[in-house]
Amino acid sequence: GAGVSQSPRYKVAKRGQDVALRCDPISGHVSLFWYQQALGQGPEFLTYFQNEAQLDKSGLPSDRFFAERPEGSVSTLKIQRTQQEDSAVYLCASSLRARAYEQYFGPGTRLTVT
Amino acid sequence: AQSVTQLGSHVSVSEGALVLLRCNYSSSVPPYLFWYVQYPNQGLQLLLKYTTGATLVKGINGFEAEFKKSETSFHLTKPSAHMSDAAEYFCAVSVYTGGFKTIFGAGTRLFVKA
């Protein structure tokens, strides 16, 4: 079956622009996660949804970052007024149940802020 | 709080040699432990996981890992390296505390020499 998909795969933004990154989880998966992976680093947790509820947003680095999952399926990560330090790969993952520990990752969106 | 330390950002082995990637964790509650592999420009793929039960866990592609609570370690091994094993490997710890968060190590890049 289809895996987790993310779009766009690559995004170049000028400093100060707003961007929106999309994640399509595996159909029926309850949990959805966003991670930020800087070059040469491991992924860092940003936020977690269980269905449409955002249960943990402790990893969002600033109030310029906002995530939503209004119908409990597709999720969008929005970054306002992008800064150079926002350049990273943004990974989305989903899991079948709230307590399912196995996460399925998408290919990521590489954001470059110039 | 949870944390993960991967010893060695780069490991180089010859084809056919033993692979050993080290991971130590810190967790205030019983952890769930994972190893993921990441190939260039791709998302993360789960190699294996430890949740409960047997402490020696077997995964895909001939990898295995042993959970040692006394040493707070979860090292990844493979008896004989293949060229196709060259990739970035991430150790991760997850704890469910009402919400769900996965903490990743910084990663170890494995090089396999012919």
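The values are calculated or read from the model by the stated rules, or taken from the named source; none is laboratory data. Predicted model only: the values in this text are computed from it and were never measured. Glycine also receives a Cβ, built like all others from the backbone with ideal geometry; neighbour counts cover every protein chain displayed.
A few points about this structure:
- A:LEU91 assigned to a strand (DSSP E or B), under 30 Å from B:GLY8 (Cβ atoms), among the aliphatic types (A, V, I, L, M) and out of contact with any Lys or Arg (no Cβ under 6 Å at 6 or more places or on another chain): yes
- Conditions (1) at pLDDT 95 or above; (2) on the phi < 0 side of the Ramachandran plot; (3) more than 9 Å from every other protein chain (Cβ to nearest Cβ); number of the one not met by B:VAL93: (1)
- Selection count, region A:66-79, where residues are without any contact (Cβ under 8 Å) to a residue 24 or more places away in the chain and assigned to a strand (DSSP E or B): 2
- Looking only at residues in region A:52-65 that are farther than 23 Å from B:SER9 by Cβ and either part of a loop (DSSP other than H, G, I, E, B) or of a type in the set (Lys, Arg) (or both), the one that is nearest to the other protein chains (Cβ to nearest Cβ) is A:SER58.
- Screening B:HIS10, B:HIS82 for residues that are farther than 25 Å from A:SER95 by Cβ and either within 14 Å of chain A (Cβ to nearest Cβ) or within 12 Å of the chain's Cα centre (by Cα) (or both) leaves exactly one candidate, B:HIS10.
- Candidates B:LEU46, B:LEU76, filtered to the one that is modelled with pLDDT under 95, within 22 Å of A:GLY40 (Cβ to Cβ) and within 10 Å of the chain's Cα centre (by Cα): B:LEU46
- Just one of the listed residues (B:LEU46, B:LEU33, B:LEU20) is in contact (Cβ under 8 Å) with a residue 12 or more places away in the chain and within 30 Å of A:LYS11 (Cα to Cα), and it is B:LEU46.
- For the condition away from chain A (no Cβ under 14 Å) and of a type in the set (D, E, K, R), B:GLU64 qualifies.
- Options A:VAL4, A:VAL74: the member that is farther than 24 Å from B:SER3 by Cβ, among the hydrophobic types (A, V, I, L, M, F, W, C) and either crowded, with 16+ Cβ neighbours inside 10 Å or in contact with a Leu (Cβ under 7 Å, 6 or more places away or on another chain) (or both): A:VAL4
- Evaluating A:PRO8 against the criteria (1) touching a residue at least 60 places away in the same chain (Cβ under 8 Å); (2) within 13 Å of another protein chain (Cβ to nearest Cβ); (3) over 30 Å from B:HIS10 (Cβ atoms) leaves one unmet condition, (2).
- Pairs where the first residue, in region A:28-51, is within 10 Å of chain B (Cβ to nearest Cβ) and in a loop (DSSP other than H, G, I, E, B) and the second is buried (at least 16 other Cβ atoms within 10 Å of the Cβ) and of a type in the set (Phe, Trp, Tyr), C-beta under 8 Å, 6+ apart: A:GLY42/B:PHE90; A:GLY42/B:PHE104; A:PRO43/A:TYR35; A:PRO43/B:PHE90; A:PRO43/B:PHE104
- Out of B:ALA92, B:ALA87, B:ALA65, sole residue that is touching a His at 6+ places or on another chain (Cβ under 7 Å) and surrounded by 14 or more Cβ atoms within 10 Å (Cβ to Cβ): B:ALA65
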